[in-house]
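**Student:** Provided herewith is a single structure, encoded as structure tokens, for subsequent inquiry.
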Amino acid sequence: MVVSLRLPLISSLLSPASSRSPNFAFSRRALGISWRHQRPPLRLPLLSSPFSPRSSSTNTEIRTESSKNRVSEGPITPRSQDFNAWYLDVIANAELADYGPVRGTMVIRPYGYAIWEAIQEYLNVKFKETGHENMYFPQFIPYSFIEKEASHVEGFSPELALVTIGGGKELEEKLVVRPTSETIVNHMFTQWIHSHRDLPLMINQWANVTRWEMRTKPFVRTLEFLWQEGHTAHASPEEAEKEAIQMIDIYTKFSYEQAAIPVIAGRKSKVETFAGADKTYTIEAMMGDRKALQAGTSHNLGQNFSRAFGTQFTDENGQRQHVWQTSWAISTRFVGGIIMTHGDDGGLMLPPKLAPIQVVIIPIWKKDGDKAEVLNAASSVKEFLQTAGLKVKLDESDQKTAGWKFNFWEMKGVPLRIEIGPKDVASKSVVISRRDIPGKQGKVFGISMEPSVLEAYVKETLDEIQSSLLQQARTFRDRRKFIREVGVPTFWYQSQDPKDRGIMVQTRIEERLEFIDQEIAGMKKELSKVRAIEVSVNEIAKSIDLMRLQSEKQQLLFMIIETSSRERSTMSGQVTESVTKETEKAKGKEIDASSSKMAESDRNFGSDRNERKIDLDDGSHDRNKFKKIEMPMFTGEDPDSWLF
């Protein structure tokens, strides 16, 4: 048995939060590569460029103007130079998908969807052959359903898309846009299963799911994708385990026989087991960049969901038992796997059994007189090949040259090309070119147009191409001894079994698992320290914020006091100045009044003096009016003579 062992690097776990994805958890997937927003150089003229350079904020604006999506001729990025850019170039030029208006979503174009339909067609038959029936479950799931299974909600919470408003009103309970259907399936199984006679119950649905991925890549990882998901309920754990193994075997057979991808089937390690499952089986494939792709999974759910939802039945002894369950799925990610496994610098290379067009017929003429004859022969070839059950396309357009058409259909990965010109019509033969063998080496001349001969040759060649693609992919895988995902080491071991000698396999080794479990325990311990440090840092940050707040309050108080002091000082100065002015004014008034009084006094005094002077002057002018009095001299003898 084969097992994929993937663990996050301790350095990535302890890196700053800004450098980690917000939905950090032990990944359940094998691949996570950023969806590059880069305009791919195109190979052919007049092809839209769905993966052109733009940020998510301008995505909608650019895509609304289709005229901007028409670009001139240009080469595809070589696969060896930049694998991711090459991948986006192929998707754009082969017209497989385009950007959706929401970041991380994609619009699957008709040619890309036709590949998915081919996958559906094969698997649908296999599901029904093994007793499964198709049905459909609602896309909206009550959030309380997700919460019922603890590990399930823990594993999916970072990826959930929630609906909180409906009909303009806030919902009483938020709804989850289906990330997977185990919860709602169990809710219904509880109502449908009552007795052991109701078991096994085996259903499948083809649906879309939504997971809010932070890193996206078309077909490999998008916010919304298409898949099938099967769900079964059984009366015993042995039946459930048998079912889980049976479905991973169907996926493995499909990968080898239809997609020509040599996957490695095995059981996931504990850290990558599906959230809510006891065991997860997987098929893993090596892509052209030597990275592993998880291409399909099958889960033995045990009784985890049936216990959470109370899904019980009455057994043959009359005892109530919880059912044992499985779930399994494959998605449009497989389309991305086909591109990355088989594609080359010329573009897409499709395995014939999944190709929407297995044979393209290119009529070639130079003179108008040859056109009708060539087209009639080409139409005849198309009709009998279609009658033989082949998917055929006749490109009879005359706007493009034959060389342009050759490149275009090679880009789209059509396995076989039939060329018919005037000389071929005359010789009743055709030229056939293989997509898997480039150049003249893959071209065969002179194949008879006789229906039985041409039909047999075409079918045989298509089978050869199918086998060749598988062998090329197996050879590429077996030459690699070790691969490394983005930040996630994957251990590959050489099988010691002689029958598997030369084949690289992932081997489950108990000693290695024990060592890895110890590493996981150490990582958890380190993570607990990180959490403690984060708590301490948060507390310190809160203290710093509190101190900063107090400091700001104190500064504000100081500013208020200082402002108030300045205002009081200013007011005091103004009052002092006013008082001084008033005092000076009062003094001035007193001085003025005193001066006025003194002036008035002076004036009065002067007036009196003037009056006295006038009087004196008047007297001096008339002295004759006074009598002269003779004063007797005192002689000492008669005192009365002294008186006058």
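**Student:** Are any of the pairs K268/K412; K148/K279; K393/K440; K128/K459; K217/K400 more than 30 Å apart by Cα-Cα distance, and if so, which? It would help to have the intermediate numbers written out before the result.
**Tutor:** Details: K268/K412 35 Å; K148/K279 19 Å; K393/K440 22 Å; K128/K459 27 Å; K217/K400 32 Å.
Those over the limit are K268/K412; K217/K400.
**Student:** How would Y256, Y136 line up from fewest to most surrounding beta-carbon atoms within 10 angstrom?
**Tutor:** On the way: Y256 16, Y136 10.
The most exposed by this proxy come first: Y136, Y256.
**Student:** Give me F305, F254, F83 sorted ascending by neighbouring Cβ count inside 10 Å, so fewest comes first.
**Tutor:** Ranking F305, F254, F83 by Cβ neighbours within 10 Å, fewest first, gives F83, F254, F305.
**Student:** I need the calculated FRET efficiency for the pair K169 and E121, taking r as the beta carbon distance and R₀ as 60 Å, to the nearest 0.05.
**Tutor:** Values: r = 43 Å, r/R0 = 0.72.
Given R0 = 60 Å and the Cβ-Cβ separation, E is 0.90.
**Student:** How far apart, in nanometres, would the label points at E238 and T387 be if each is projected 7 angstrom from Cα along the Cα-to-Cβ direction?
**Tutor:** 5.5 nm
**Student:** Further, regarding this structure: Hey, fewest Cβ within 10 Å first, where do K440, K128, K279 land in order? Walk me through the numbers before you get to the answer.
**Tutor:** Working: K440 8, K128 12, K279 19.
Going from sparsest to densest Cβ surroundings: K440, K128, K279.
Where a number appears in this text, it was derived from the coordinates with a stated rule and is not lab data. Since the structure is predicted, the reported quantities are computational estimates derived from the model, not experimental observations. Counting neighbours? That spans all protein chains shown, and the Cβs are built from the backbone with ideal geometry, glycine included.
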